[in-house]
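J.: Take a look at this one; I'll ask things after.
Please treat every number below as a calculation from the coordinates, not as lab data. All values derive from a computational prediction rather than experimental measurement. Here the Cβ positions follow ideal geometry from the backbone for every residue, glycine too, while neighbour counts run over all protein chains shown.
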Amino acid sequence: CKLELVVGSPASCMDLELFSAEEELLGRLDCDEALLGSYPVADGCRVHVIDRSGARFGEYEDVSQVEKYEMAETDYDKRPESLRSFLRQRRWGQFNTEAAQRQAAEAQQRRAQEAALVATLPLGARCQVQVPGQPCKRATIMYVGTCQTDFKPGYWVGVRYDEPLGKHDGSVGGRRYFECQPKYGAFVRPHSVTPGDFPEEGDGLEDEL
């Protein structure tokens, strides 16, 4: 029965009804020996299927209702055909101890370089900020720290721009790090900050001869 492919239930669990184009019940298709042409079928008619199998529509669409098979870590670790075993045999990914040690050493070196750079950025110092893809801006250093609760790991420098080119007023996520006017504050990475004797934007000094 082709209807089984559409409905998903066996033919023995179906009751068929024939409706006209005007949604009038023309009769029930309950004779297994009768041909479709023996019923008053016309253009626009439709066959309505009543499923008596007891299956619920969408019963397995919610995967949270399906019992899941879980394997213990120790059992999975012993399986020879698993992805973990494949990576371990070839020393790829986390099983490449040499690469992991090299990456850890490089990360430690970057942290040391960043800490040394941060030491050259005193609070209140004038600076120039050059973020990749953005124009160069002048600012004052207002904060230097890790900001571990609100930012990605590493050091961050809070700056107060000379012009309203920032993103906030010195507070992020409800936590205040420094004071400034709205749209004048921003946090950037230390390598984007160059300290120096930079006059404030718009003070007129650049127009003097």
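J.: Once amide H atoms are built 1.01 Å from N in the peptide plane, which residues 5 or more positions from TYR177, or in another chain, come under 5 Å H to H?
T.: The list, which skips near neighbours in sequence, is SER171, VAL172.
J.: Taking the Cα atoms of the chain, what is the range of coordinates along each of the three principal axes, in descending order and whole Å?
T.: Sorted largest first, the three principal extents are 104, 55, 30 Å.
J.: Go through segment 22-33 residue by residue and turn each phi into a ³J(HN,Hα) via Karplus (6.51, -1.76, 1.60, θ = phi - 60°); whole Hz please, and just put x for glycine and proline.
T.: Couplings: 8, 6, 9, 5, 8, x, 9, 8, 10, 9, 5, 8 Hz.
J.: When the Kirkwood radius is taken over all Cα pairs of segment 126-200, what Stokes-Einstein diffusion coefficient follows at 10 °C and 1.306 mPa s, in µm²/s? Spell out each step's value before the answer.
T.: Working: Rh = 12.3 Å.
For the chosen part, D equals 130 µm²/s.
J.: Assign unit charges at the C-beta atoms only (+1 for Lys and Arg, -1 for Asp and Glu), then state the dipole size of the chain relative to its Cα centre in Debye, rounded to the nearest 20.
T.: Values: 25 positive and 35 negative charges, 341 e Å.
In debye, rounded to 20, the chain gives about 1640.
J.: Note down, for segment 3-51, the three equivalent ellipsoid semi-axes (square root of 5 times each alpha carbon gyration tensor eigenvalue), biggest first, whole angstrom. It would help to have the intermediate numbers written out before the result.
T.: Working: eigenvalues 70, 33, 17 Å².
Over the Cα atoms of segment 3-51, the ellipsoid semi-axes are 19, 13, 9 Å.
J.: While we're looking at this one, here's another question. For SER38, what charge total do you get from the other residues with a beta carbon under 14 Å from its beta carbon, if Lys and Arg give +1 and Asp and Glu give -1?
T.: On the way: positive: ARG28; negative: ASP30, ASP32, GLU33.
Cβ neighbours under 14 Å give a net charge of -2.
J.: With unit charges on the beta carbon (Lys/Arg positive, Asp/Glu negative), name the residue among GLY8, MET142, GLN181 whose Cα is farthest towards the positive pole of the charge dipole of the chain.
T.: MET142
J.: LYS167: which lysines have alpha carbons under 21 Å from its alpha carbon, excluding same-chain residues fewer than 8 sequence positions away?
T.: List returned: LYS137, LYS152, LYS183.
J.: Hey, another quick one. Have a look at SER64, SER171, SER20 and tell me which one the Gaussian network model of the chain (Cα, springs below 10 Å) gives the largest fluctuation.
T.: So, out of SER64, SER171, SER20, the one fluctuating most is SER20.
J.: I'd like to know which of GLN128, THR97, GLY37 lies farthest towards the positive end of the charge dipole of the chain, counting +1 on Cβ of Lys and Arg and -1 on Cβ of Asp and Glu.
T.: Positive-most Cα among the choices belongs to THR97.
J.: Kindly express, to the nearest 10 degrees and within the range 0 to 90, the angle between helix 97-118's C-alpha long axis and the longest C-alpha principal axis of the chain.
T.: The two axes meet at around 40 degrees.
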